[in-house]
Ligand SMILES: C[S@@+](CC[C@H](N)C(=O)[O-])C[C@H]1O[C@@H](n2cnc3c(N)ncnc32)[C@H](O)[C@@H]1O
């Protein structure tokens, strides 16, 4: 990584984006010290419209995304780039350019080779990621004998598909940014699904990565021996048991010691805390957790600091606030342990009310004292101690 002049680097990034025959995508994310860009993240990609090639900017605020198309010559790249983003990634077919602006404002710039191919579809948001005819869907009980998704399993199928939709770009980005190694047959991605239950997601991740040619070894962990036996039998019948395996273990006491990616979909109550603690204590580079029911903080919220009783006096609102406090403390603890963390809605609320995902990448930044103080004020204001805090090594 070399340290050079910011303006010259931005010029190089702009040139790369203007290569209309090779530009794949650009991502602006993270916040520079003391700067506040208008949007949390910006994605730029080429799209083929009726009247020619354009660049589409998607502005994302965690929950909502809006898009606008620009003629190639009118892309306001410099304005966006100077508005306060700390990370700018530009990918062209063959080469990835990555700029990170350090806390002191120094630009750190890398160029590396890649094997990306671009996709100019105008609307590719809802392409199916899972092959509906894949026999795993029938084996796990999501599809019927004819290969149609069972109506009773439609919500679970959608949750799995949307979870994958987030996992895949997150994974690619983590590889591009050097947070994850480039997977090979000798060095596959090690993925652990914590609290895997019937393993809909576990098998889906395995099958999707296999179809994409991404070498991976997947382990599903669930406390129930019946889940382990059923899932291992399915893996055997599909002939994939050399790359996916299931264990009947408590998350907190699992024999699995390492992973590149840890995932958990609706691991009950504090099992999500066990999953987070397992990953954080082992410096797992990438984690995606969609929490389930929350009781730990709810039961500790005995006295509300005023004027918060305006919310907590109503049962349903108290419960929702308890969920939010729980997840915000989880996020903050991960942040204090060197993770860059986002909370995102991974699927519409009509498919599950438990639709928040905590996505985190280990970046190794040291905890800022203000952030430690924020965490302390929150727990003392509410008189709570999150169960996760005691599970994390210090
Ligand atoms: C609500 S289910 C979700 C299953 C699966 N991830 C899905 O989305 O379909 C939660 C699963 O977590 C498992 N579980 C709960 N606590 C656990 C723990 N401490 N260790 C391991 N598994 C646990 C349960 O047995 C159950 O199968």
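Read-outs: derived from the displayed coordinates by stated rules, not from any lab. Since the structure is predicted, the reported quantities are computational estimates derived from the model, not experimental observations. Counting neighbours? That spans all protein chains shown, and the Cβs are built from the backbone with ideal geometry, glycine included.
Within region 4-80, the ratio Rg/Rh, alpha carbon atoms throughout and Rh by Kirkwood, equals 0.98. Exposure proxy ranking for 90, 387, based on other Cβ atoms within 10 angstrom of each Cβ and starting from the fewest, stands as 387, 90. Distance from the Cα centroid of region 87-115 to that of region 133-193 is 28 Å (rounded to whole angstrom). GNM remark for the chain: springs join alpha carbons under 10 Å apart, and the peak mean-square fluctuation among 170, 245, 115 falls on 115. Each label was represented as a point 7 Å from its Cα along the Cα-to-Cβ direction; for residue 311 and residue 393 these points are 3.5 nm apart.
Based on the reciprocal of the average 1/r between different C-alpha atoms, the Kirkwood radius for region 170-301 equals 15.1 Å. Once the Kirkwood radius over Cα pairs is known for the chain, the Stokes-Einstein relation at 25 °C and 0.890 mPa s delivers a diffusion coefficient of 108 µm²/s.
Run lengths n ≥ 4 of DSSP H only: what is the helix-derived mean residue ellipticity at 222 nm for the chain, with -39500 (n - 2.57) per run over all residues, to the nearest 500? Don't skip to the end; give the middle numbers.
On the way: 12 runs with 131 residues, N = 394.
Using -39500 (n - 2.57) per qualifying helix, the result is -10000 deg cm²/dmol.
How much space per residue, in cubic angstrom, does the convex hull of the C-alpha atoms of region 324-394 take up? Let's see the in-between values first.
On the way: hull volume 7.0 nm³, N = 71.
Each residue corresponds to 99 Å³ of Cα convex hull volume.
Evaluate region 8-163: find the radius of gyration of its Cα atoms, find its Kirkwood radius, and give the ratio Rg to Rh. Can you show the working numbers first?
Details: Rg = 19.4 Å, Rh = 17.9 Å.
Looking at region 8-163, the ratio lands at 1.08.
All Cα-Cα separations within region 191-248 were binned at 10 Å from zero, giving a P(r) of 27, 59, 13, 0, each value a whole percent of the pairs.
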